[in-house]
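Shown next, in structure tokens, is the structure this report addresses.
The values are calculated or read from the model by the stated rules, or taken from the named source; none is laboratory data. Everything quoted here is computed from the prediction, not taken from an experiment. No Cβ is skipped: glycine too gets one built from the backbone with ideal geometry, and neighbour counts run over all protein chains shown.
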């Protein structure tokens, strides 16, 4: 799954895949696009027992071996079994439905067989897909939330704009690093093959979303991009702190924590493999609201903290449904999520508790005076969508539908917060 991003699950336990066909020339599906895909993605492809492990380096896999099956992909790739020297025999089922791009590895061991990105535009598109740019745009709404929470005089000050612009540029770099290194890890441990290719080698989602699977980029290129993005983020977040009119210690500390821990979701310390994935998915979006607000104002009022917590909570209320669809894939590679470690009932209770916290915090903030008394009214549409999301999932178990509804609820909630801020801070 991709870090911090709403997963776009395909067919699997607890969900139905939207209709659509498979383009046999490209290996991509032609079904409806899935909104909100982007900080932790994958499909819970059930590991099979009939998959055949690809032949070791220097040997040819037996004719007809079903390389694309999730069980084989997960078991064989996790131990660096996708290394150099493998060739795919003619007639193997990995070539069925045009998925040879993702299932076959060239002899250099770095690029799946497929068309490398060429030309400036081609490379730009490949790297943008690696960074999941089209699916993480929701994270950049943090700037809109905090900017509307500023007093009118501070909103248009020159140092405010400079600070926020530099922070946003750094945010793009940090998030891109998380996504790129997560994809590199997904290729190395086999989870992306398992989650993007179902039984029989059928693509569960458009493969162009994964440029390492399609061969548009190599592992060294993606790794280099990840490190350069992290450097970019570090430089611009440091510049933002220096340009800021205020530099409270707490803002510096939480920014440093995200800079250190964010990219290690699947890389380095692999924190999501140690049970900290949900914490990062909620905590990092929270920080990118409060930290730049602190750099501009030097303090953190209760209403902004409430909005930041909701911003992070709404992200995990997308990703936890993705985790539900990723159970078998995550378990196979050792990623530790609540969905992996609990029963179906326990996972439902966990999601229900998060949904209840969302509703209670929204209403409670108005009740105790952390926000204007009418604040909850601006979020009534979000609360209605949240109830619908959870109750529908508890009845039909369709995690994919619930995830998509979570994306809509997130965006609706952000719109409600922005409206409330414009009204409240204009007075």
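Couple of notes before you dig in:
- When residues in the stretch 389-401 are screened for being modelled with pLDDT of 95 or more and crowded, with 18+ Cβ neighbours inside 10 Å, 3 of them pass.
- Check on residue 169, assigned to a helix (DSSP H, G or I) and at pLDDT 90 or above: yes
- With respect to the conditions (1) under 15 Å from residue 385 (Cα atoms); (2) touching a helix residue (DSSP H, G or I) at 6+ places or on another chain (Cβ under 8 Å), residue 342 lacks only one, and its number is (1).
- Selection within the stretch 133-171 - under 14 Å from the mean Cα position of the chain (by Cα) and over 23 Å from residue 310 (Cβ atoms): 133, 134
- Taking the stretch 143-162 as the range and being surrounded by 15 or more Cβ atoms within 10 Å (Cβ to Cβ) and either farther than 26 Å from residue 375 by Cβ or without any contact (Cβ under 8 Å) to a residue 24 or more places away in the chain (or both) as the test, the residues that pass are 147, 155, 162.
- From the list 363, 349, 357, the one residue that fits, being in a helix (DSSP H, G or I) and over 15 Å from residue 309 (Cα atoms), is 349.
- Pairs, first within 9 Å of residue 381 (Cβ to Cβ) in the stretch 403-415, second outside any helix (DSSP H, G or I), C-beta under 8 Å, six or more apart: 413/379
- Qualifying positions in the stretch 386-401 - under 21 Å from the mean Cα position of the chain (by Cα) and closer than 16 Å to residue 358 by Cα: 386, 389, 390
- Residue 245 being modelled with pLDDT of 95 or more and either closer than 20 Å to residue 120 by Cα or over 23 Å from the mean Cα position of the chain (by Cα) (or both): yes
- Verdict on residue 328 being touching a helix residue (DSSP H, G or I) at 6+ places or on another chain (Cβ under 9 Å) and free of Cβ contacts under 8 Å to residues at least 60 places away in the same chain: no
- Within the span defined as the stretch 280-290, one or more residues are farther than 18 Å from residue 177 by Cα and either surrounded by fewer than 20 Cβ atoms within 10 Å (Cβ to Cβ) or more than 16 Å from the chain's Cα centre (by Cα) (or both).
- The helices (runs of 4 or more DSSP H) located wholly in the stretch 85-149 that include 3 or more residues which are modelled with pLDDT of 50 or more and in contact with a helix residue (DSSP H, G or I) (Cβ under 8 Å, 6 or more places away or on another chain) occupy 119-130, 141-148.
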